[in-house]
């Protein structure tokens, strides 16, 4: 049975299972180990391999055969998604000059391992939340009126939800932050999905995704910042966090509209639906 003849519900089940397995593996590693760079590398390799296996089970060779196609176009189109990470990087530079921290012990190896891990994060998250999601959901909604909308919406909401830590739902501001974070990530997911429909390129999306995670925090691998708290929380209840999320959402909406106008009209929808 080739990938085109696989039952749609089987593809959907494999996609949902890939999300569950990814989460379970991450929970397993977090419980067993402190997050040293080497342990994070092992975790990232394991999840990447498992996710790529699920991608092969869902769509066969097709995505792997095109995973490097139009990489330059993909990176160029998605580059605006790196503006906010670059902004956080420059803010880190200002902190660096003000704080004058000492170098971390073994910072070169820590930096290299962190970079490799973030690139692997790009691979397994794009493979799961874009490639597996699209290859499973688009055939399922092929005969509906808006197959691309439903595919991007469902995959985007799942992508957003799994990235948000628990919130105190008795606190209205945390509820707002929870919703803003999911909306932001759902828009990001849809932006990447447009490019995937256009190119079916995993590598370029993974590269941009990995840089998005690497740029804001790689200085932490080099310098021992004073009073640095590694326990980041998505929902803090602080007004400042809400304002940042609102700004991010407005910016991401602008990026989404820009990519939509540039890419959507160039996609051969009928061919895409036929190939998937």
Taking the stretch 89-124 and the residues there that are surrounded by 13 or more Cβ atoms within 10 Å (Cβ to Cβ) and at pLDDT below 90, the one that is farthest from residue 63 (Cα to Cα) would be 99
The residue that is farthest from residue 20 (Cα to Cα), considering only those in the stretch 134-143 that are in a loop (DSSP other than H, G, I, E, B) and in contact with a helix residue (DSSP H, G or I) (Cβ under 8 Å, 6 or more places away or on another chain), is 142
Only unsatisfied item for residue 108, checking (1) without any contact (Cβ under 8 Å) to a residue 24 or more places away in the chain; (2) outside any helix (DSSP H, G or I), is (2)
In the stretch 202-217, is there at least one residue being modelled with pLDDT under 95, within 26 Å of residue 9 (Cα to Cα) and assigned to a helix (DSSP H, G or I)? no
Margin query: When you scan the stretch 144-152, do you find a residue that is within 18 Å of residue 14 (Cβ to Cβ), in contact with a helix residue (DSSP H, G or I) (Cβ under 9 Å, 6 or more places away or on another chain) and buried (at least 18 other Cβ atoms within 10 Å of the Cβ), even just one?
Written below: yes
In the stretch 9-29, anything farther than 30 Å from residue 39 by Cα and either at pLDDT below 90 or buried (at least 16 other Cβ atoms within 10 Å of the Cβ) (or both) is listed as 11, 12
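Scan the stretch 86-96 and give yes if some residue there is within 28 Å of residue 162 (Cβ to Cβ) and free of Cβ contacts under 8 Å to residues at least 40 places away in the same chain, otherwise no.
The answer is yes; a qualifying residue exists.
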Residue 128 vs (1) surrounded by fewer than 17 Cβ atoms within 10 Å (Cβ to Cβ); (2) at pLDDT 95 or above: all pass except (1)
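The values are calculated or read from the model by the stated rules, or taken from the named source; none is laboratory data. If you're wondering where the values come from, they're calculated on a predicted model, not measured in any experiment. Using ideal geometry, Cβ is built from the backbone for each residue, glycine included, and neighbour counts are taken over all protein chains shown.
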